[in-house]
Amino acid sequence: MVRQENQDRFLLLRDGVYYYWRRVPKTVVHLDDRVPVIRQSLKTDDLARARAQRDILEEADNVLWASMLTDGKTDAAMAAHKVARARAEALGFSYRPAVEVAQLPLEDLVRRFAAISDLRTPVAVETAVLGGVDRPRVKVSEAFDIYCDEIAAVEIVGKSEEQKKAWKKVKKYAVDAFIKVVGEDLAMDDITRDHAKKMHDHFKALIAPTDKKADKKSASLGKRRLGDMSILYKRYYAHIGVEGRANPFEGLTFNQKFKKRRLPFPIEWVRDVILKPGALAGLNADARHIVLVSIETGARPIELRYLRKDRIKLHDKVPHILVEPSFDPDEPHEVKTVSSVRRIPLVGVALEVMKLHPDGFERYRENGNTLSATVNSFLKENKLQPTGKETLYGFRHTFEDRLKEGRIDDELRKILMGHTIDREQYGSGGSLKLYQEELQKIVYPFDKSIV
């Protein structure tokens, strides 16, 4: 009998076969009926395979024991189900509830019974292979928490805390809408096609109300909410190992003929009104300066807010800013798309402003909503919107209009805006010196007092 440690932890080699051998922690001895020692045959003499199976069982038991120390019945049920799946998978079987196991072809049933035929096989393993652990009845709101904390955790790891909160907030709108429409926080297993259609009908009434005076919602809103519910449903069941389950939200969507577009400020309006000395004087310095840099770079407000010292190149031959994600574990953040990663020369008023902010705009670094509310309220109160509908983001659209009016090359426009180039790319896309020379053609004249 040989027992290995470290990378071979919890592995016991006996008579040429590896076992998962682990002592139940004292903190849960009174809760786990497998005391004092868990011993499960891994049915293999291959060390690499045994390690892989051990990892599955080790993680599952860690989750189970952690759940035993909480008061949440749903958490405990989820953990028990996860452990049952792990035990079945460690022996090479996908976990299925007992009612599904009973309907398997004869040869599959024979394989399952043969795997647990050893009299020393723990009851818990027999239960897992034969599907004796019921799937927990998880509510929609609970499934959403699982989606955020487990299923999508890897996808959002690079987001800043602000970006994570915004991502979760938007996704939760769909869950809240569904619960409100159907009238209760249903168990995921109880959601039917009729419930999904009820949600679809709800948004259809908002998009095309019978009351002509009612406030219409956009088709994109309904499309997003139903799409988010469809994704939650699909990924939740994939996560708990349920295959082939029909998605009740499948195909329920809305076609959007026209996409709502943010209004740009007219080019002349920015020159004659916004950049007029005193026009922005009532804004705090950081907000005013972000507006001015946005005007001459076309950068998204969030891209400017996340600038740091290492991405502000004031002393290079061509002063510029770098828009790119941060992989700093203390200050991570994402950019909108891969094409958003770019270099933007600093010209005109943008250069003068960035000289005052060599480490970026700390005041609004994690306060995007505050920035937008501050700037947009100021523009409205001071009648600086030509139609009353323009917002801070509109300066980015004005920048694109200026690039077009200045007859800047179409591909260079996309590079400077961070838009996707829809052809195979060759070369570096041009030098910063070229970008600078092109931007100088459209730069706004300005009075230094506005800085």
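The values are calculated or read from the model by the stated rules, or taken from the named source; none is laboratory data. What you are looking at is a predicted structure, and each value in this text was computed from that prediction instead of being measured. In this analysis, Cβ positions are derived from the backbone assuming ideal geometry, glycine residues included, and neighbour counts consider all displayed protein chains.
Please give the helices (runs of 4 or more DSSP H) falling wholly within segment 365-451 in which 3 or more residues are charged (D, E, K, R) and in the same structural domain as ALA299 (by TED's automatic domain parsing).
Working: elements: 368-381, 394-405, 410-417, 432-440.
Helices (runs of 4 or more DSSP H) meeting the threshold: 394-405, 410-417, 432-440.
Considering only segment 370-394, state which residues are surrounded by 14 or more Cβ atoms within 10 Å (Cβ to Cβ) and of a type in the set (Gly, Ala, Ser).
If the condition is that a residue be surrounded by 14 or more Cβ atoms within 10 Å (Cβ to Cβ) and of a type in the set (Gly, Ala, Ser), then SER372, GLY394 are the ones that fit.
Report yes if ARG235 is touching a residue at least 12 places away in the same chain (Cβ under 8 Å) and surrounded by fewer than 17 Cβ atoms within 10 Å (Cβ to Cβ), otherwise no.
On the way: touching a residue at least 12 places away in the same chain (Cβ under 8 Å): yes; surrounded by fewer than 17 Cβ atoms within 10 Å (Cβ to Cβ): yes.
In short, yes.
Return the pair list, or none, for Cβ contacts closer than 8 Å from residues in segment 241-254 that are assigned to a loop (DSSP other than H, G, I, E, B) and aliphatic (A, V, I, L, M) to residues that are modelled with pLDDT of 95 or more and buried (at least 16 other Cβ atoms within 10 Å of the Cβ), at least 6 apart or on different chains.
Hits for this filter: LEU252/ALA196; LEU252/MET199; LEU252/HIS200; LEU252/LEU226; LEU252/SER230.
The conditions are (1) free of Cβ contacts under 8 Å to residues at least 12 places away in the same chain; (2) buried (at least 17 other Cβ atoms within 10 Å of the Cβ), and ALA52 fails exactly one of them. Which is it?
Among (1) free of Cβ contacts under 8 Å to residues at least 12 places away in the same chain; (2) buried (at least 17 other Cβ atoms within 10 Å of the Cβ), ALA52 violates only (2).
So which residues in segment 295-307 are closer than 14 Å to ARG343 by Cα and not hydrophobic (A, V, I, L, M, F, W, C), if there are any at all?
Filtering segment 295-307 for residues closer than 14 Å to ARG343 by Cα gives 296-300, 303-304, 307.
Across segment 295-307, the qualifying residues are GLU296, THR297, GLY298, ARG300, GLU303.
Does MET199 meet the test of being surrounded by 12 or more Cβ atoms within 10 Å (Cβ to Cβ), within 15 Å of ALA143 (Cβ to Cβ) and touching a helix residue (DSSP H, G or I) at 6+ places or on another chain (Cβ under 9 Å)? If you could, list the steps in order and put the result at the bottom.
Numbers: surrounded by 12 or more Cβ atoms within 10 Å (Cβ to Cβ): yes; within 15 Å of ALA143 (Cβ to Cβ): no; touching a helix residue (DSSP H, G or I) at 6+ places or on another chain (Cβ under 9 Å): yes.
Against the criterion (surrounded by 12 or more Cβ atoms within 10 Å (Cβ to Cβ), within 15 Å of ALA143 (Cβ to Cβ) and touching a helix residue (DSSP H, G or I) at 6+ places or on another chain (Cβ under 9 Å)), MET199 does not qualify.
For segment 352-360, indicate whether the set of residues that are part of a loop (DSSP other than H, G, I, E, B) and within 27 Å of the chain's Cα centre (by Cα) is non-empty. Give the derivation first.
Of segment 352-360, the ones part of a loop (DSSP other than H, G, I, E, B) are 355-360.
If we keep only those that are within 27 Å of the chain's Cα centre (by Cα) too, we end up with 360.
Yes, segment 352-360 contains a residue that is part of a loop (DSSP other than H, G, I, E, B) and within 27 Å of the chain's Cα centre (by Cα).
For segment 17-60: of the residues being in a loop (DSSP other than H, G, I, E, B) and of a type in the set (Lys, Arg), which is nearest to ALA80 (Cα to Cα)? I'd like the intermediate steps shown before the answer.
At the first step, the residues of segment 17-60 found to be in a loop (DSSP other than H, G, I, E, B) are 24-25, 29-36, 42-46.
Subset that is of a type in the set (Lys, Arg): 34, 43.
On the way: ARG34: 13, LYS43: 23 Å.
Restricting to residues being in a loop (DSSP other than H, G, I, E, B) and of a type in the set (Lys, Arg), the top hit is ARG34.
For GLN40, indicate whether it is under 15 Å from ALA88 (Cα atoms) and modelled with pLDDT under 85.
Numbers: under 15 Å from ALA88 (Cα atoms): yes; modelled with pLDDT under 85: yes.
Here the answer is yes, as GLN40 does meet what is asked.
Take the conditions without any contact (Cβ under 8 Å) to a residue 12 or more places away in the chain and under 21 Å from ILE274 (Cα atoms) and apply them to LYS389. Does it pass?
On the way: without any contact (Cβ under 8 Å) to a residue 12 or more places away in the chain: no; under 21 Å from ILE274 (Cα atoms): yes.
In short, no.
Among (1) at pLDDT 95 or above; (2) in contact with a Gly (Cβ under 9 Å, 6 or more places away or on another chain); (3) of a type in the set (Ser, Thr, Tyr), which single condition is TYR233 missing?
Against the list (1) at pLDDT 95 or above; (2) in contact with a Gly (Cβ under 9 Å, 6 or more places away or on another chain); (3) of a type in the set (Ser, Thr, Tyr), TYR233 comes up short only on (2).
In the set ARG96, ARG137, ARG54, ARG49, which member is at pLDDT 80 or above, of a type in the set (D, E, K, R) and closer than 30 Å to VAL175 by Cα? If you could, list the steps in order and put the result at the bottom.
Values: ARG96 fails: at pLDDT 80 or above; ARG54 fails: closer than 30 Å to VAL175 by Cα; ARG49 fails: closer than 30 Å to VAL175 by Cα.
Matching residue, one of ARG96, ARG137, ARG54, ARG49: ARG137.
Residue under question is ILE151, and the condition is that it be farther than 30 Å from HIS333 by Cα, surrounded by 12 or more Cβ atoms within 10 Å (Cβ to Cβ) and in contact (Cβ under 8 Å) with a residue 24 or more places away in the chain; does it hold?
Details: farther than 30 Å from HIS333 by Cα: no; surrounded by 12 or more Cβ atoms within 10 Å (Cβ to Cβ): yes; in contact (Cβ under 8 Å) with a residue 24 or more places away in the chain: yes.
No, not satisfied.
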